[in-house]
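These notes are about the structure you will find just below.
The values are calculated or read from the model by the stated rules, or taken from the named source; none is laboratory data. Computed from a prediction, not measured in an experiment: that's the story for all the values here. Counting neighbours? That spans all protein chains shown, and the Cβs are built from the backbone with ideal geometry, glycine included. When the accessible area is computed, the model is the full protein with side chains, heavy atoms only, and any ligands, DNA or RNA have been set aside. Shrake-Rupley method; radii C 1.70, N 1.55, O 1.52, S 1.80 Å.
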Amino acid sequence: MCGIAGIINFNNATPDPALIRRMTDCMAHRGPDAAGLYSDGPAALGHLRLSIIDLSSAANQPFTDASGRYVMVFNGEMYNYNEVRSLLEGYPFRTSGDTEVLLAAYVKWGPDCLMHFRGMFAFAIWDKEERELFVARDRMGVKPLYYFIDQDRLIFASEVRGILATGLVRRKINEKALLDYFSYQSIGYPYSMIEGILQLEAGSWAKIRDGKMVKKVYWDVTTFSGKGGPADAGAAAGFDLSDKQKVQGKIRELMLQSVERRLVSDVPVGAFLSGGIDSSAIVGLMAEAGSARPNTFTISFTEKEYDESGYADLIAKKFNTHHNTVLLKPTVFLDELTAGLDAMDTPSGDGINTYVVSKEIARQGMRVALSGVGGDELFAGYSYFSFYPKLQRRKWIWNLPRGLRSLVADSLLHGPGSGRKERIRQILKAPSCAIEEVYPVLRQVLTPRTIDRLLSAADPHFSTALRQDLEAKAGNLEKMPLLSQVSAAEYLGYTQHTLLKDTDQMSMAVSLEVREPFFDQDLVEFVLAVPDQIKTPAYPKSLLVESLKPLLPDEIVFRKKQGFVFPWNDWIKKELYGFCDAHIKKMAQRPFIDGDALLRHWEDFLRGDKEIRWMEVWLFVVLEYWLEKNDIG
């Protein structure tokens with residue numbers, strides 16, 4: 001796991017190496033083991049290394065191929081590099097890791113090399129002869145890549161702050177991104193919070209030559225093969241998906257394969273263990289797949305309402321792990337608040353939990369940890385997975401005249417529970433109950449009505465990046481099983497832009513590599529093709545549990561789900577009141593905010609208005625902190 005950076009000048013002038021050093025210096029947390037710089041002609045590349053595979057200095061980057069023509073910087077891991085290496089007979093390898101395999105694969109196959117890779121990655125390859133840069137990201141979007149391009153140059157980096165460090169990009173807020181941020185606590189492709197800085201989409205590559213960029217999507221969660229319809233592609237191609245036992249057997253096989261892949265490392269690998277279904281499944285499969293006892297880590301609390309360590313202890317004993325329990329007070333999240341906010345490369349309403357847990361595991365000497373994130377998204381673990389099929393059984397409602405639906409919808413505006421009613425109102429007023437209409441509403445933090453009230457810059461005609469993406473893929477989505485439609489929407493929305501982004505920025509802030517087995521390409525492709533009659537949960541994530549039987553004990557499967565749910569509502573009103581009040585009042589002075597409306601919103605929250613959730617004020621606090629920290633005008 002690493003950090004990458006680069007500048008390509010379109011006027012053929014050699015970039016100032018000092019700019020690359022500035023970029024890597026501000027991302028030093030991503031790679032404390034080695035730093036490298038390459039400069040030649042119009043290109044300059046920088047790299048920061050967190051050594052995981054092939055710890056020798058020969059594998060340091062930027063890395064040049066055997067011919068001397070190609071130079072690469074690479075962030076991430078290719079788990080199946082030994083398999084790919086076996087296909088590259090005749091290449092004169094001089095290292096034993098995945099970096100050289102990736103570059104050799106590109107030399108042989110060009111962009112088609114991506115079809116061979118199983119891993120998480122963002123990389124850039126400079127072709128010295130053609131004066132062309134090739135960049136790519138992994139399918140699920142685990143590893144980030146940001147870029148800025150104008151008529152003079154291309155600048156790219158693993159973090160937004162890396163690009164800002166050059167001083168070549170104006171520190172101006174992208175007001176169009178505000179709608180995404182306040183709607184979904186993060187920003188979707190291709191935008192960022194800085195005007196002009198963009199995100200390369202997951203599952204895509206780009207070539208930059210002579211000042212022009214050509215992009216291509218090589219993998220899409222709604223199609224896989226690009227032919228439309230996941231049942232005809234990927235790991236499910238030709239499989240009898242009507243046979244439940246065979247489906248369960250295949251899921252177990254793919255889960256084990258995914259975990260085995262993510263154990264590839266030349267340093268010890270640990271695991272987050274909460275005692276829930278997902279993390280327990282990962283630890284159980286680690287014990288089955290690995291030759292060594294798994295290293296497991298649990299965060300324990302003295303307050304019983306937060307503590308899950310008893311369940312984690314049960315799993316640790318069952319699988320004979322090297323178990324570590326880290327005792328914390330819930331208030332450590334307050335103590336670490338500013339450090340967590342400082343770690344945010346891009347503003348997010350979530351992530352503090354991930355930062356605190358990652359920091360504690362890193363303190364124990366771990367560099368790699370497996371995580372159970374993604375199980376809910378893949379195996380229908382959230383409540384709206386059951387809500388969406390119920391809605392489809394009532395789709396006749398959308399055949400009623402729109403005026404009648406609007407009349408019923410508007411009657412929901414008042415009385416208790418108006419926040420939930422506002423979401424139902426939006427769905428009733430939508431032209432249909434298709435996933436592209438429903439999912440963006442279900443995942444909202446602030447509703448459009450609230451955003452319109454609090455933001456003076458709100459454009460009623462501007463659509464969020466998430467909605468645009470879902471609408472563009474509506475034809476593919478409707479071919480999928482209903483539960484898989486929700487999963488695909490999750491991947492295109494919350495998963496990519498909040499969950500994975502927060503996991504990357506918060507774990508890398510403490511030089512910890514997190515690997516997520518539930519985001520394995522082959523596993524995802526297969527499970528999304530499974531029909532609803534097999535996947536519909538009889539109890540939480542029953543398809544996953546039954547596929548892994550007898551791996552998980554009943555005490556884990558049927559316990560009440562907890563998770564990190566801390567009293568932020570009270571903390572904001574008490575311990576964090578001064579911090580939040582100061583930042584809310586500064587935010588109220590921003591030109592894109594209706595200051596009076598925001599201050600009333602804040603006062604209503606403090607008075608106990610139950611219709612205002614803590615996240616609906618916290619987003620403003622986080623954004624103001626981030627803008628000040630990064631000197632954004």
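Quick one: in the stretch 39-52, which of the residues that are outside any strand (DSSP E or B) and open to solvent by less than 10 Å² (accessible area, probe 1.4 Å) is modelled with the lowest pLDDT? Once the filter is applied, the top-ranked residue is Leu50.
Considering the stretch 512-566, the residues that are under 17 Å from Ser279 (Cβ atoms) and aromatic (Phe, Trp, Tyr) include one that is modelled with the lowest pLDDT, namely Phe564.
The stretch 419-517 holds helices (runs of 4 or more DSSP H) entirely within its bounds, and those carrying 1 or more residues that are open to solvent by less than 10 Å² (accessible area, probe 1.4 Å), closer than 29 Å to Lys395 by Cβ and in contact with a helix residue (DSSP H, G or I) (Cβ under 8 Å, 6 or more places away or on another chain) map to 435-442, 448-454, 465-472, 474-477, 482-490. Is at least one residue of the stretch 601-614 surrounded by fewer than 18 Cβ atoms within 10 Å (Cβ to Cβ), modelled with pLDDT of 95 or more and within 30 Å of Thr166 (Cβ to Cβ)? No, because not a single residue in the stretch 601-614 is surrounded by fewer than 18 Cβ atoms within 10 Å (Cβ to Cβ), modelled with pLDDT of 95 or more and within 30 Å of Thr166 (Cβ to Cβ). Contact map, the stretch 147-163: first residue touching a residue at least 60 places away in the same chain (Cβ under 8 Å), second residue open to solvent by 30 Å² or more (accessible area, probe 1.4 Å) and of a type in the set (A, V, I, L, M), Cβ cut-off under 8 Å, separation 6 or more or different chains; pairs are Ile149/Leu198; Ile149/Met213; Arg153/Leu168; Leu154/Met213; Ile155/Ile149; Ile155/Leu168. Per the listing Glu305, Glu288, Glu336, the residue uniquely of a type outside the set (S, T, N, Q), out of contact with any Lys or Arg (no Cβ under 9 Å at 6 or more places or on another chain) and either crowded, with 17+ Cβ neighbours inside 10 Å or at pLDDT below 85 (or both) is Glu305.
Condition check for Ile197 on (1) touching a strand residue (DSSP E or B) at 6+ places or on another chain (Cβ under 9 Å); (2) within 28 Å of Thr346 (Cβ to Cβ); (3) buried (at least 20 other Cβ atoms within 10 Å of the Cβ); (4) in contact (Cβ under 8 Å) with a residue 60 or more places away in the chain: one failure, at (4). Of everything in the stretch 112-131, what is open to solvent by 30 Å² or more (accessible area, probe 1.4 Å) and closer than 22 Å to Lys216 by Cβ? Give them in sequence order. Answer for the stretch 112-131, where residues must be open to solvent by 30 Å² or more (accessible area, probe 1.4 Å) and closer than 22 Å to Lys216 by Cβ: Asp112, Met115, His116, Arg118, Glu129, Glu130, Arg131. What are the residues in the stretch 236-261 that are open to solvent by 70 Å² or more (accessible area, probe 1.4 Å), among the polar types (S, T, N, Q) and at pLDDT 95 or above, if any? Within the stretch 236-261, Gln245 is the sole residue that qualifies. Just checking, does the stretch 155-171 include any residue being within 30 Å of Thr447 (Cα to Cα) and surrounded by fewer than 18 Cβ atoms within 10 Å (Cβ to Cβ)? Taking every residue of the stretch 155-171 in turn, at least one turns out to be within 30 Å of Thr447 (Cα to Cα) and surrounded by fewer than 18 Cβ atoms within 10 Å (Cβ to Cβ).
Exactly one residue out of Gly76, Gly68 is part of a strand (DSSP E or B) and either open to solvent by less than 50 Å² (accessible area, probe 1.4 Å) or not aromatic (Phe, Trp, Tyr) (or both): that is Gly76.
Taking first residues from the stretch 336-347 that are among the polar types (S, T, N, Q) and partners that are assigned to a helix (DSSP H, G or I), the Cβ contacts under 8 Å between residues at least 6 apart in sequence or on separate chains come to Thr346/Val160; Thr346/Lys501; Thr346/Gln505; Thr346/Trp626. Gly372 meets all of the listed conditions (1) open to solvent by less than 40 Å² (accessible area, probe 1.4 Å); (2) over 23 Å from the mean Cα position of the chain (by Cα) but one, namely (2).
Filter the stretch 518-545 for residues that are assigned to a helix (DSSP H, G or I) and of a type in the set (S, T, N, Q); which is most open to solvent (accessible area, probe 1.4 Å)? The extreme case among them is Gln533. Regarding the stretch 615-625, can at least one residue be identified that is surrounded by fewer than 19 Cβ atoms within 10 Å (Cβ to Cβ), at pLDDT 95 or above and either closer than 30 Å to Pro389 by Cα or not hydroxyl-bearing (Ser, Thr, Tyr) (or both)? Yes: one or more hits.
Regarding the stretch 307-327, can at least one residue be identified that is over 16 Å from Thr503 (Cβ atoms), among the aromatic types (Phe, Trp, Tyr) and more than 24 Å from the chain's Cα centre (by Cα)? Within the stretch 307-327 (the criterion being over 16 Å from Thr503 (Cβ atoms), among the aromatic types (Phe, Trp, Tyr) and more than 24 Å from the chain's Cα centre (by Cα)), the answer is yes, since at least one residue qualifies. For the condition charged (D, E, K, R), closer than 30 Å to Asp452 by Cβ and at pLDDT 95 or above, Lys128 does not qualify. From the list Asp570, Asp554, the lone residue that is farther than 24 Å from Ala281 by Cβ and surrounded by fewer than 23 Cβ atoms within 10 Å (Cβ to Cβ) is Asp570.
Among the residues of the stretch 343-369, the ones that are assigned to a helix (DSSP H, G or I), open to solvent by 20 Å² or more (accessible area, probe 1.4 Å) and touching an Asp or Glu at 6+ places or on another chain (Cβ under 6 Å) come to 1 in all. Restricting the search to helices (runs of 4 or more DSSP H) fully inside the stretch 228-342 and requiring at least 2 residues that are basic (Lys, Arg) and under 27 Å from Phe558 (Cα atoms) gives 244-261, 309-318. Considering the stretch 25-38, and only residues there that are open to solvent by 50 Å² or more (accessible area, probe 1.4 Å) and without any contact (Cβ under 8 Å) to a residue 60 or more places away in the chain, the residue that is nearest to Phe10 (Cα to Cα) turns out to be Leu37.
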